Every structure is written in structure tokens, then in C-alpha cells.
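Enquirer: Can you read through this structure? Questions will come right after.
Here, each number is a calculation from the coordinates, and none is a lab measurement. Please read all numbers here as calculations on a predicted model, not as lab measurements. All Cβ positions, glycine included, derive from the backbone under ideal geometry; neighbour counts span all protein chains shown.
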Amino acid sequence: MWFAHPGILLGAVGAAFLPLLIHLINRRRYRREPWAATMFLLRAHRQSKRHIQIDHWLLLVVRTLALLAFGIAIARPYLSSGQMNWSMTRSAIDRVIVLDDSLSMQSMREDGQTSFEAAVQAATQIVSDVESGDGIGLVSASSPASSLVDRPLQDATALSAIMDERRCSYNQTDWAGAIRTANEVLSRGKASKGGRVVYCVTDLAGASIPVSDVATGQEDIDRIVIVNVGPTARGNIALDSLRLESPVIGPGVSSRVRFRIANLGSEPAHDIRVQITVDKHAGQSVAIGLLQPGQSIEPKTDVTFESAGSHVVTASITHSIGNVLAADDIAHLAVDVAERLPILLVEPDSQASISDRSLFCLRVALRSRQARSDRDLDAVRTIAPSELEGEILDEFRVIVLGDVPRISERSMARLRRYVLDGGGLIVAMGQQVDGPEYQKFLFGGREFPTATGTSGEPDAWRALFETGEYRLDRYVRADESDSVVRFKIPTLGHGVLADFEGRDDGGLNQAVVRGYWQLGSQAGDKVAPDAGELLHFENALPAMLHTRLGLGRVIVLTTGLSMSDTTLPAKPDFVPFALNLVAFAAGDAGDRLNVETGQPLISRVASQTDNESTVGLGPNGESHPVSIEAQNDSLVAVFRETHQPGIYRLRQGSREQLYAVNPRQDESDLRLADEGIVKAAFGPSVTIVSGAVEAAVGVHEELPRELAGTAMYLLVALVILETWAATSAGSRA
Amino acid sequence: MAGGAGKTALRAVFDEIAERLHERHLVIVLSDLFGDPEDVVRGVKHLRHRGHEPIILQVLDDAELTFPFDQPTEFDGLEGVGPVLTEPRLMRDRYLEEMKAYMRVMRRGCHSQEADYEVLNTSAKMSLVLSSYLAMRAKRSRHRR
């Protein structure tokens, strides 16, 4: 017989001597009485002596046994397999070990092990402790959860070898998938109802348990045991976001980056410093100072990219105390900086003076880009709509349609292709725009542009324009209404408008809108990461929309950019607004260059033959295969081995593109899951045990050989016997 | 007339009294009478034989009559018997039975010799007990006449 808590048993053995000790103490604590009637006393004493001794010893033995039985019961005794063979027979039991190999399991425990190392140790102990004839399955819980063996195996050596080779991932825990997979593995096992157990060996970090998803899909699971191997102290400082605050204008022009740092522990964190580097050249060190528990801040800092091309900004925590998880102390941001930004402006022919043309003010604003740099940043070309069909669009990073009345179907198709391949399109709608045409061009048929009739609706466009059900109602002139219409900047923190939020001195908020297209919408303020409304009018109608489309971006302004549409060009904010707008449309390809672990890296290629010349390199310089695939009628190189965070490279001939892969943010919160959440997710009968030693206990808990119940019955019997013996002695007295 | 430290030799005391008193006397014996009851009965018989009228009054402590002890107690014998450590609660019944049996023997032996036998509890006022006994005895004498 073995005991789950031998320490408790030792304590119980010690406590069992208490009745004897009390008896001996009482024997020393008697009163003295002078006595004359000794003749009766001696006679009575002689006759009672035997009964008294029997009563004494019986009570003593019963009380000692009762204490011992109580100790044995809470020490949770069980029989080993050898002992089971003669005592009883039982049916086979199938177990599945769900090994949490998510990012948070890299946290460091007090004993110097990572949580993952402790998990492997606990799982190995479970494997070695099961009976011969029982099956064990193995499931990896990191997203996407997967089964490491098809069905419960009886080969402990093979299972241990699989676990030894397993490495902790940088993904989040997929509890729902893991439980579903465990359920599937159990359904392929031999055990019948009542003998199917799942062990989740995890740090039980609360943020990663989606209760409702986990609670379903447990049909073939009879019992879940959670083995908590996480650290006791769970303080963690996480650097969980690094992004551009404003679009990159060009080389030599400073850009602003913003990072988010959070204290996810229960103690204040002091003296935190964050080091910013650009392409491994150490930049500034940002002192954070004190962070209270649960507090997060988003400091900003300026960085400058000295040359055009691919760059990486890295932010890393260099000093902090009470930080058990190092994997989220560093974040990378890949940025593409263009040497020049070729821009194509399309505006209608006009008899009016040059200054009255629809994109005159934008053209002037773009010239000021050169004033912010020593270099010739832009190459602006202006054409008439009729020339659009013959123009080589791929030579430009951004195309601006300024109050173009109509767009031919051929031009619509070419513009769509252009955007899908990575171009930026800005559509400014002035009063000359043909409403029905643009309704069809932008929003009709729930596809952009509808006229192409090709398959493959872009998701981002659908997210914005299909669910929003936009309708281009009519052009509203300011003189129709008594009230003056102005722009209103929603507080979104978006890079294009972040500089203007909360400021009135630059004029964006004061600019009067003289005419605009009334865009009916049910979308409200919905802003998805890749699509949404960036700017409103004061009457809450949308003024600026944007969406990703393929590798490019589309921005729609519901008013024109000339002085006849709005007074904005006359305001100081116009130039930075225009530069940000163009830079945003051109894109730093940020969404494509910065992905989370497990997401693919995508780069446009010219032909299938590029497969041979394209090489993918991981953070440690190791090369991985790259596949050439068709996406949205374009050929792209896809690199999928992004399981480790860091800086990746895609080499195509002499060109090298940098990518940043960062871990998911939701693994940084290591705080222990609330017991209520655990029970809601895994069922009310879930058992939570701690560490490797208790993991073995869990193996025995569900079996009929558990003897704690027997010990409890014995205890009850002994208490009844003690009561009878004491009463009996009393009645004789 | 009988008492003091050490074991009381009841038979010898009774015989000595019987021999010393030459005329008929009323002999009142006040004692705990802890000894062999047959000795006491023979002593009473001797006194009666010599024409005396013995009255046996057994004087006992209330504790000796009720044995009220609950916790372990070491009884220290007063008349040369060593200490006895025991659990009074578990032997009280036995003790009281022994005491009652002794009194029964004494009472029967005294009455067979037409001698009075009474038990006096020291917790009661001795003068009251004696006067009440003497009144009862006087009443009984009148009835006999």
C-alpha cells in the first residue's frame, strides 16, 4: 500500500500516540486521599481491577486506532498494481495527457526549471505510473492543438521519447482544441465509460481559458485532472506591442514608434528600462520607472531610418525585477522605407485656372515633402482620366483620383489589379463625381470594383463595405443647410490622424466642408484592424474610409481636396494630413511585414520560377522552404515556418526583405485562473493538483483501489466502538 | 473507648470491657468498627453474656459512605495498609456493595444479641443524632413494658 501524502501519514502516526500520552499524564496527575475504610476499598479494587484495565486499554486502543485511521484516510492510500492483482480486477483505463507547450510555459519557476520542463517531468511520471494494459494518449495544447499519437498507446518508452523531444512553442494555449482532440483520442481507445481520464499539465494561466469553447466537446471524457506546474510567483512585465505611430515619410525623416509595456504581476515593478534599436544599432534607452500591478503604459519615441529599404526596430526590456517570463520582453517591428514615392494624380481636365483644379492643393502639399528631407522623395505625375487606361500603373506607389466624374470599366479592372498587387489608391469624391457610377465602383455588388466580375472577394473590403452596407446617397452642398459642417476626428489613435487628435490649433477640426457625399451606413464607428472609418463629419457621417485589398490599400474621402470642397487646404494641418494620407496609402507594408508566431510571411513574386531564387531565413539564420502560391490572382512567395519570434528574411536574388514575427500577447498574463472559471470550463468534478509528485496521485485517484474511503469507514466504526466502550465503562461505574 | 492510631483490636477491647465491669452496665461503643465483623459480634455476645446492655454506634465519614470520587485517586490507608491508586469512578459500585454487606452483617449480628446497632454519619450533628437515638430507644422501652 502506498500513500499520496506520506508526510500526513507520519503526522498521523505521531498523533496516534496522543491517547497513550494523555493516559500517562493523567496517571501522574492523581489526588491523594487519606482513607480509613481500606478493607472495603481493597476488596472493591481487587474485584474491579480486571474490568478497569480492560476498559482502559480498550478505550486507549480504540482512540489510537481512530486517530490512525483518520490520518490514513487523509494521507490517501492506494494499492500498487501488484497488490491490486490479488485484491481485485478492474477494466482498462485510457488516459490522455494534454501537454501545455504554449509560450507562457517558458516562465521560470522558483526551482530553476521552466514550467514546461516541470510539465514534461510530471507527464513522464504519469506515464511511468500507469498500469500495464492502460493506454495513454498525448496532445499538444499550443495553438493549433494537435494529437501527438493517434490513439492511446501502451508504450511508455515511446511516449517518454516524444515528450523529451517536444519543445515549448511561442503560441497561445488552444484549450478548446486540446480538449476536443483529447476527446477524439479517447474515442479511439479501448476503455469503456468511466475509464477515460484527461490530464492537463499546465501553468493554468487564467487568460487563456475560453470557458464556453472548452466546456463543449467533452463527451468521451469521464474525468479531467489539472496538474498545475506553473511558478508560485507569477509576476511578469510584458512588452506586448510595438508599432508605428505615424507613417514613414522617407529616409532621414524621423518617424514615431509607440510601444506598450504592462505589469501583469501583483507587485509594483520598479526601474524598468526599455532599449530601442534600429537595425541592431542601439538607440535610446527609455526609462519607465514605476509600474503598478495591472498598469500598462504606451510610451512614444522617435526613430530615423537613414536609408531606404528594409529595416527592423527592436524594443527590449533591459531591466526589471519580478519578471518570470523572458519571451515577451522583446518586440520587433519591420518597416519598409521607400527611397522615392512615385505618385500618380488623376484629375479632370478643366478650363479653370490651375489653382482651381481638384488636386492642386495636394500637389502643393506633396512638394513640401522635400522640405522635410534633403532628398527628392516624390515623383508626382498628373494625368487626365482619359489617360488612365494607357498609363503603366505599377510604376507608382500611390494613385489619387481627384473628383474624377467617371471611370471606365477597363480602368476599374486595372485599378483593382493595381491595388491587389500592393498599390495604394486614394479616391477623393468632389461634386463632379457621378454618384451611381461610384456606387457601383466602390460599393455595388459587394465587390471592388464590381465591373471586373472576377471571383475572390477580398475579406477586408467585405468587412468594411459589405457589413456596413454603405449607400452613396447624394452630394450635399453646404448652402443647403444653415449649419456649418466641419470634420470631427474620432479618438482612434490611428497613425494618419493621431497627430491631430485633441488639437484645435492646426485647423483640421475647424476646416469647413462646403460639399460632401452623403454616405448612408449602418456601420457606426466600427473600425477593424484592416478596415474602417477614420474621419467623420460633425453630423456623424463618414468623411474617410479605408480598407486593405490584397496587398494594397484603398482610402475613400467623401469630400474633395480642393478649396471648393473644403477649407482644409488652407489650414496648417493640411500638409501633414496629406503627407500622412499618401504615406498610409503607399503603406510600409506593415501588416504584411509584421505577423504573429505561426502566421505566414508573404511576398509578391513575378513568376513561378522565383521559387528557385527565393530563400527564407529564420531568426537564427536557418533556411526554410518557401512555396509560390496564387493569391487574389497574384503570385506570392509564402514562408510558413514562423514558429519562433524574431527577425526573418526572405531573399529574392539580391533583394532581401526583413519581417518581424512577434509572439501573441495573450500569453503574457500568467495569473492563476480563478477556480470558478476552471470548473466552468472543465466541469465541476475537475481535480486540480500541484506539481510532479501529485501528478502521480492523480493517476490513482480515479481507480477503485483508492482506499481513503475504506479508511473513512474504519474511522467511523472506531468512533462508534469508542463511544460504546466509554458509555459501557461509565455505566459500570 | 476504642480508637486511636493503628489497627483496632476490636475483639480484645470488647473482652476487656466485659471482664472489667462487674455490675450490669449500659455499654456504648463508638467506633468505625473497621475490622472483622465476627469479632464485633462475638464481643457483643460476650458483653451480653456478662449482663451488659451494649449499644453499637458505627461512626463513619460521609465520604466513606458515599465514595464521591471521580478522578484517579491514591487512597492512603490509615491503619497500616499501603497506598492504593485506583479509578474510583469505575469501582464505586463495588465499594458501596462491600460497605452495605458489612453493615448488613453487623446489624444482623447485633440484633441477634438484642443489641442496638446504628450508623452515625459524621457530617450530621452528633448531639442531634444521639438525642434522637436515645428518644427512640426510650419509646421502645415503654412499649416493651
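Enquirer: Check each of the trypsin sites (Lys or Arg not before Pro) in the stretch A:265-341 and keep only those in coil by DSSP with at most 16 other C-beta atoms within 10 angstrom; list them in order.
Expert: A:LYS280, A:ARG340
Enquirer: Quick check on the stretch A:597-662: what are the equivalent-ellipsoid semi-axes from the Cα gyration tensor, as sqrt(5λ), descending, whole Å?
Expert: 19, 13, 9
Enquirer: Taking each pair of distinct Cα atoms in the protein assembly as shown once, what is the resulting Kirkwood hydrodynamic radius in Å?
Expert: Across the protein assembly as shown, the inverse of the average 1/r is 36.6 Å.
Enquirer: List the equivalent ellipsoid semi-axes of the stretch A:178-295 in whole Å, largest first, each obtained as the square root of 5λ for an eigenvalue λ of the Cα gyration tensor.
Expert: Taking √(5λ) for each Cα gyration eigenvalue gives 45, 20, 12 Å.
Enquirer: Additional query: Provide the net charge surrounding A:ARG46, with neighbours chosen by a C-beta distance below 12 Å and charges set as Lys +1, Arg +1, Asp -1, Glu -1. List each step's numbers first, then the result.
Expert: On the way: positive: A:ARG43, A:LYS49, A:ARG50, B:ARG94; negative: B:GLU98.
Local net charge: +3.
Enquirer: With r as the distance between the Cβ atoms of B:ARG20 and B:ARG104 and R0 = 35 Å, compute the FRET efficiency 1/(1 + (r/R0)^6) and round to 0.05.
Expert: On the way: r = 31 Å, r/R0 = 0.87.
The computed FRET efficiency comes out at 0.70.
Enquirer: In the neighborhood of A:GLN665, defined by Cβ-to-Cβ distances under 15 Å, what is the net charge if each Lys or Arg adds +1 and each Asp or Glu adds -1?
Expert: Working: positive: A:ARG243, A:ARG258, A:ARG260, A:ARG664, A:ARG671; negative: A:ASP240, A:GLU298, A:ASP328, A:ASP329, A:GLU596, A:ASP666, A:GLU667, A:ASP669.
Charge balance in the 15 Å sphere: -3.
Enquirer: Hey, which of these cross-link pairs are over 24 Å Cα-Cα: B:LYS100/B:LYS125; B:LYS45/B:LYS100; A:LYS190/A:LYS679; A:LYS488/A:LYS571; A:LYS49/B:LYS100?
Expert: Distance filter (> 24 Å) returns A:LYS190/A:LYS679.
Enquirer: Using each residue's phi in the stretch A:410-424, evaluate 6.51 cos²θ - 1.76 cosθ + 1.60 at θ = phi - 60° and report the 3J(HN,Hα) Karplus result to the nearest Hz, with x for Gly and Pro.
Expert: 5, 5, 4, 5, 5, 5, 4, 4, 4, 5, 4, 7, x, x, x
Enquirer: Enter the mean number of other protein chain beta carbons within 10 Å of the beta carbon of each residue in A:47-54, as an integer.
Expert: Numbers: counts 6, 9, 5, 0, 3, 5, 2, 0.
Neighbouring Cβ atoms belonging to other protein chains average 4 per residue here.
Enquirer: Here's something else I'd like to know. Is there a simple number for the mean count of other chain Cβ atoms within 10 Å of the Cβ of residues in A:27-34, and what is it?
Expert: The mean count of partner-chain Cβ atoms within 10 Å per residue comes to 5.
Enquirer: HN-Hα J couplings of the stretch A:646-658 from phi, Karplus 6.51/-1.76/1.60, θ = phi - 60°, integer Hz, Gly and Pro as x?
Expert: These are the phi-based 3J(HN,Hα) values: x, 9, 10, 10, 10, 9, 10, x, 8, 8, 10, 10, 8 Hz.
Enquirer: A further question on this structure: Dividing the Cα convex hull volume of the stretch A:1-51 by residue count, how many Å³ per residue is that? Spell out each step's value before the answer.
Expert: Values: hull volume 4.3 nm³, N = 51.
Taking only Cα atoms, the stretch A:1-51 has a hull volume of 84 Å³ per residue.
Enquirer: Let me ask you something else. Mean shadow of the stretch B:10-144, computed from the convex hull of its alpha carbons, in nm²? Intermediate results must be reported in sequence, preceding the final value.
Expert: On the way: hull surface 37.9 nm².
Its Cα hull, projected and averaged over all orientations, spans 9.5 nm².
Enquirer: Looking at the stretch A:237-337 from every direction and averaging, what is the projected area of its Cα convex hull in nm²?
Expert: Mean projected area of the Cα convex hull: 5.7 nm².
Enquirer: Calculate the translational D of the stretch A:97-137 in whole µm² s⁻¹ from Stokes-Einstein, where the hydrodynamic radius comes from the Kirkwood formula applied to all Cα pairs, the temperature is 25 °C and the viscosity 0.890 mPa s.
Expert: 218
Enquirer: Using the Karplus equation 6.51 cos²θ - 1.76 cosθ + 1.60 (θ = phi - 60°), what ³J(HN,Hα) coupling, rounded to whole Hz, does each residue of the stretch A:430-436 give in order, writing x for Gly and Pro?
Expert: Per residue, the Karplus-derived 3J(HN,Hα) values read x, 6, 7, 4, 7, x, x Hz.
Enquirer: Specify which residue in the list B:LEU60, B:MET91, A:THR314 is farthest towards the positive end of the charge dipole of the protein assembly as shown, using unit charges on the beta carbon of Lys, Arg (+1) and Asp, Glu (-1), about the Cα centre.
Expert: Of the listed residues, the answer is B:LEU60.
Enquirer: What is the local net charge at A:LYS300, summed over the other residues whose Cβ is closer than 14 Å to its Cβ (Lys, Arg +1; Asp, Glu -1)?
Expert: Charge balance in the 14 Å sphere: -1.
Enquirer: Which of A:ALA145, A:THR491, A:SER350 sits closest to the plus end of the dipole of the protein assembly as shown, meaning its Cα is farthest towards the positive end, when Lys and Arg get +1 and Asp and Glu get -1 on the C-beta?
Expert: Projecting each Cα onto the dipole axis, the largest value belongs to A:ALA145.
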